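The values are calculated or read from the model by the stated rules, or taken from the named source; none is laboratory data. What you see is a predicted model, and the numbers here were worked out from it, not measured in a lab. Note: areas computed on protein heavy atoms with side chains; ligands, DNA, RNA excluded. Shrake-Rupley method; radii C 1.70, N 1.55, O 1.52, S 1.80 Å.
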Amino acid sequence: MEHTPKTEWARPVVYFEIGAKDEQVLIPFYKKMFNWDIGGGPIHRIPVGIGGPENGIGGHIRRSEHGGISLYIQVKSVERSLRQAVELGGKKTMDPYQIPNGALIAAITDPEGNPLMLVQQ
């Protein structure tokens, strides 16, 4: 195991990008699905949200049948968000699952097939 000097610190995820084949399809999905205020122009900026974890976001790496990155997005109601995702052109890919002593999660894809995890604390 490699030893990290005490002057070093874990590098947090501080930004994300959602690639869109057709941003005119994905922008309305994300605006309505997560109440995001998405800007115009060639790079449609998504401001920092409120109510997130105080210490920033955490993550994990796990074995999977396919590579890729998933966003875990906090919602008020997993059940309501699953219905809304389908209404907005997404798909449900995992039924709600209660993590023992943790959050309720479920999985969807946006209209272009990008994976998203819904997290109800």
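Ranked from the most accessible area to the least, with a 1.4 Å probe and all protein chains present, what is the order of Asp37, Asp95, Asp22, Asp110?
On the way: Asp37 115, Asp95 90, Asp22 65, Asp110 5 Å².
The residues order as Asp37, Asp95, Asp22, Asp110, largest area first.
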Gyration tensor over alpha-carbon atoms, the range 61-121, equivalent ellipsoid semi-axes in Å: 17, 17, 9
³J(HN,Hα) computed for each position of the range 63-78 - Karplus, 6.51 cos²θ - 1.76 cosθ + 1.60, integer Hz, glycine/proline x: 5, 8, 6, 9, x, x, 10, 10, 9, 9, 10, 6, 10, 6, 9, 4
Ile43 accessible area, assembled protein chains, probe 1.4 Å, Å²: 130
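Tell me the volume per residue, in Å³, of the convex hull enclosing the alpha carbons of the range 18-121.
123
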